[in-house]
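Take this structure, written in C-alpha cells, and hold onto it; I'll ask about it next.
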Amino acid sequence: MLRSVQVTAVLALSDSPFHNLHWKSDLELSLDCFICQRTGRTTELKHGAEHGTCSGDSKTGQHPMAARISAFDHTSERERTILRAVVDYWWAPFHDAKRDQPSLALTRAPWVRLHLGYLCPEPVQTGTFSTQTNLVRPQTHTCEHCAEAVAHSHNTPRIQLLT
C-alpha cells in the first residue's frame, strides 16, 4: 500500500545579523520497514532521490527502501521559516519478531530530523544544524562561527499520516 506522511516545521528567525538560513533537502524519518520486517527504522531521504535508505538491523544492515520525498517546499517570512515535506512510501503489514509487535502505517513513535544550512556574514563561512522531534524545547540554534543566535525552535515538527 502506498502511504504518505506530511512533515511540517516552523522555526523563529533570530534578530541577530542575517545568516541566510535555508532548509536542506534531506531528512531522516522513522518508518516500519516491510523489507527487513523491523519497526521504527530510521529512513534517510533526499529530495530528488528515487528511493530512501533504511538503517536495517544487525543482520540486514542498510538497504534501499521504497520511499521518497514527493513534495518539499518552504517559505520564509520576516520572523519565521516554515518547511512542508511529503514522504511517499510503500508499506505492508508484518510482525516484527524481535520486538514482538505488529507494524503500523505510521510507526508507534514517529520521529523526524530536519537539516538546515546558513551563511555567516562575519567570516563568510557556511554552517549547518538540525532540529528533530525529540529535542527539549525551546531550543536556540547558534552560529558555529560568530556564536550569534540563528533560529529558535519553540514547537516540535509535526508528522501526520495523510493516506
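Each reported figure results from applying straightforward, stated rules to the coordinates on display, with no laboratory input. Predicted model only: the values in this text are computed from it and were never measured. Note that we place each Cβ from the backbone using ideal geometry, even for glycine, and neighbour counts take in every protein chain shown.
For the range 80-163, which trypsin sites (Lys or Arg not before Pro) pass both filters: DSSP loop (anything but H, G, I, E, B) and at most 13 other C-beta atoms within 10 Å? Intermediate values should be presented prior to the final figure.
Working: sites: ARG80, ARG84, LYS98, ARG99, ARG108, ARG113, ARG158; in loops: LYS98, ARG99, ARG108.
Within the range 80-163, the qualifying trypsin sites (Lys or Arg not before Pro) (loop, at most 13 other Cβ atoms within 10 Å) are LYS98, ARG99, ARG108.
Enumerate by residue number the chymotrypsin sites (Phe, Trp or Tyr not before Pro) in the range 106-160 meeting two conditions: DSSP loop (anything except H, G, I, E, B), and at most 16 other Cβ atoms within 10 Å of the site's Cβ.
On the way: sites: TRP111, TYR118, PHE129; in loops: TRP111.
Listed in order of number, the matching sites are TRP111.
Can you list the HN-Hα couplings for the range 86-94, worked out from phi with the Karplus curve (6.51, -1.76, 1.60; θ = phi - 60°), rounded to whole Hz and with x for Gly and Pro?
Once θ is set to phi - 60°, the couplings for the range 86-94 become 10, 10, 9, 8, 8, 9, 9, x, 7 Hz.
Given a Förster distance of 25 angstrom, what is the FRET efficiency for LEU104 paired with LYS46, based on the Cβ-Cβ distance and rounded to 0.05? Can you show the working numbers first?
On the way: r = 25 Å, r/R0 = 0.98.
Given R0 = 25 Å and the Cβ-Cβ separation, E is 0.55.
Multiply the residue gap between ALA149 and ARG80 by 0.36 nm, knock off their C-alpha separation, and tell me the result in nm, one decimal place.
Details: separation 69, 0.36 × 69 = 24.84 nm, distance 1.35 nm.
Value of the extension gain: 23.5 nm.
Moving on to the next point. Calculate the translational D of the range 1-75 in whole µm² s⁻¹ from Stokes-Einstein, where the hydrodynamic radius comes from the Kirkwood formula applied to all Cα pairs, the temperature is 25 °C and the viscosity 0.890 mPa s.
Working: Rh = 14.2 Å.
Diffusion coefficient, whole number: 173 µm²/s.
Mind checking the full-extension length gain between LYS59 and GLU122? Use 0.36 nm per residue of separation minus the Cα-Cα distance, one decimal, nm.
Working: separation 63, 0.36 × 63 = 22.68 nm, distance 4.77 nm.
Gain on extension, LYS59 to GLU122, equals 17.9 nm.
Continuing with the same structure: For PHE18 and ASN134, what is the calculated FRET efficiency with R₀ set at 25 Å and r taken between the beta-carbons, to the nearest 0.05? Walk me through the numbers on the way to the answer.
Values: r = 29 Å, r/R0 = 1.18.
Approximately 0.25, to the nearest 0.05.
Step through the residues of the range 119-134 one at a time and calculate ³J(HN,Hα) from phi using the Karplus curve (6.51 cos²θ - 1.76 cosθ + 1.60, θ = phi - 60°), rounding each to whole Hz and writing x for Gly and Pro.
Those phi angles translate into 10, 6, x, 6, x, 6, 10, 8, x, 9, 7, 9, 10, 8, 5, 9 Hz.
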